[in-house]
Amino acid sequence: MNSFNKIGFKKEYNYKRLSPEKEDFRSAFQRDRDRVLHSNAFRRLAHKTQVFFLSNNQDHFRNRLTHSLEVSQIARSISSIMQLDEALTEAISLAHDLGHPPFGHIGEGILNDIMLKHGNNGFNHNIQTLRIITKLEQKYGAFDGLNLTYETLEGVLKHGGPVVKSDYIFHQKFQSNYNINLTTQSSLEAQIAAISDDIAYNCHDIDDGIRANLFTLDDLSEIDLIKKHLDKIRSEYPGIESSRLTHELKRNLINSFIIDIVEESSKTINFNKIKNHHDVVKYRSTIISLSDYMTEQISNIRRFLSANMYQSKLILDHSNYTEEVIKGLFFFYKENLNKLPLKLNSSKDYPININRIICDFISGMTDNYADEQYKELLKK
């Protein structure tokens, strides 16, 4: 991939920001990364559910913050090997989950249902991420949001691929404000962030699932790739204890996925004579990808985790309480606007905008804060 760097993908970025700034000794993308790291929303991820609710009091279960860091580490490795811009890759990776509400995807589904039933456009954590980094973070003197480069914003917007069809008005407004084409392919850095997200949660959720006693390593052996790695590790380390075997499996899986991605993506780039960023965005499909075999294997891991972990009683038992907390808080604040720690202009913000303001406030809560507020305000 040495020729990849010589072509100069990095030089084709314009580093434009909505509010012009004088750059400093860091690259523009390094500043983006640093602003994400220093944001309030990023710190709150430490107390937001990844899979297991933090009230389970298990110190080693992953949360949204540790997940984002693990995505970033995998993405940086791939980006480094392919000689792309590591800082841009890292900025997108660290920012991609900022919009998640408390209680994980269950909380997201409940907020979405509430908003749709009350005449709003629903709730989507990817859109909420963009709202946070362009508007809701309010700490700088010259602008709202983080004033990130267009490349980072586009990477966050399209880290899951082009936005071909969307019912969200936000996408239309975003495209208008930033002049970003929703339908073209995302940058290679954004594609790397997206595939690293898949690798991170599939491989690391195995670790958490075993820790929670939801399944065993032997159960996982039904998946061909995992069986091959387990056999190899046991051959190299006879009698290895279970906790070490689990860790070795996780790191071997991640390494094998990274190697496969670099090899498969390099083949696509070379075969199709993709030479610059313009070629990337105009390409017919995603460039950063796994081989057919590895795609099948990660799909098998995803199906196994869905059946044995995400749909487990341990997870689903929290759904009813989560719904009780989020709905309770939403309607309490709707009837008691004075309890919102925000300045409201009732003539401007009522009624539909009030729903969004309340949704923004609740979605920004950590698991613990939402639980505490619910008990304090509704369980007196």
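Summary of values
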{"read-out": "Selected from PRO238, PRO162, PRO101 as most flexible by GNM, with the chain as the system and alpha-carbon contacts under 10 Å", "value": "PRO238"}
{"read-out": "Rg/Rg_globular for region 194-314, with Rg_globular taken as 2.2 N^0.38 Å and Rg from C-alpha atoms", "value": "1.23"}
{"read-out": "Gained length - TYR15 relative to ILE259, 0.36 nm times residue gap less alpha-carbon distance", "value": "84.8 nm"}
{"read-out": "The chain, helix-only ellipticity at 222 nm - DSSP H runs n ≥ 4, -39,500 (n - 2.57), divided by all residues, nearest 500", "value": "-18500 deg cm²/dmol"}
{"read-out": "Rg/Rg_globular for the chain, with Rg_globular taken as 2.2 N^0.38 Å and Rg from C-alpha atoms", "value": "1.04"}
{"read-out": "Peptides 85-91, 228-234 ordered by average Cβ neighbours within 10 Å, highest first", "value": "85-91, 228-234"}
{"read-out": "Overall Cα dimensions of region 319-378 - principal axes, largest extent first, Å", "value": "35, 18, 18"}
{"read-out": "17 Å reach of a label modelled at ASP231, 7 Å along Cα-to-Cβ, counting backbone N of region 245-263", "value": "249, 253"}
{"read-out": "Positive dipole terminus of the chain, leading residue within LEU305, THR49, LEU130 (C-beta point charges)", "value": "LEU130"}
{"read-out": "Relative packing of 317-324, 39-46, which averages over residues the other C-beta atoms within 10 Å, highest first", "value": "39-46, 317-324"}
{"read-out": "Whole-Hz couplings from phi, Karplus 6.51/-1.76/1.60, listed for region 311-321; x for Gly and Pro", "value": "9, 6, 4, 4, 7, 5, 4, 8, 4, 4, 5"}
{"read-out": "Ranked packing of 297-306, 149-158, most packed first, by mean Cβ within 10 Å", "value": "149-158, 297-306"}
{"read-out": "Region 358-369 - phi-based ³J(HN,Hα) in whole Hz, Karplus 6.51/-1.76/1.60, Gly and Pro as x", "value": "5, 4, 4, 5, 5, 5, x, 5, 7, 4, 5, 5"}
{"read-out": "Long-range amide H partners of GLU137 with built H, under 5 Å", "value": "GLY145"}
{"read-out": "Members of LYS228/LYS282; LYS117/LYS339; LYS227/LYS282 lying beyond 30 Å, as alpha-carbon distances in this model show", "value": "LYS228/LYS282; LYS227/LYS282"}
{"read-out": "Gain on full stretching of the segment that runs from ASN338 to LYS275 - 0.36 nm per residue minus C-alpha separation", "value": "17.0 nm"}
{"read-out": "Total formal charge among the other residues, if their Cβ is under 13 angstrom from that of ASP279, Lys/Arg +1 and Asp/Glu -1", "value": "+3"}
{"read-out": "Radius ratio Rg over Rh of region 262-380, counting only Cα atoms, Kirkwood formula for Rh", "value": "1.23"}
{"read-out": "FRET efficiency, 1/(1 + (r/R0)^6) with R0 45 Å, evaluated for GLU23 and ARG211 via beta carbons", "value": "0.55"}
{"read-out": "Charge context of HIS67, other residues only, Cβ under 9 angstrom, K/R +1, D/E -1", "value": "-1"}
{"read-out": "Residue among PRO341, PRO20, PRO102 with the largest mean-square fluctuation in a Gaussian network model of the chain, springs linking Cα atoms under 10 Å", "value": "PRO341"}
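FYI, it's all coordinate maths here, none of it is from the lab. Quantities reported herein were computed from a predicted structural model and do not represent experimental measurements. Ideal geometry is used to build each Cβ from the backbone, glycine not excepted, and the neighbour counts take in all protein chains shown.
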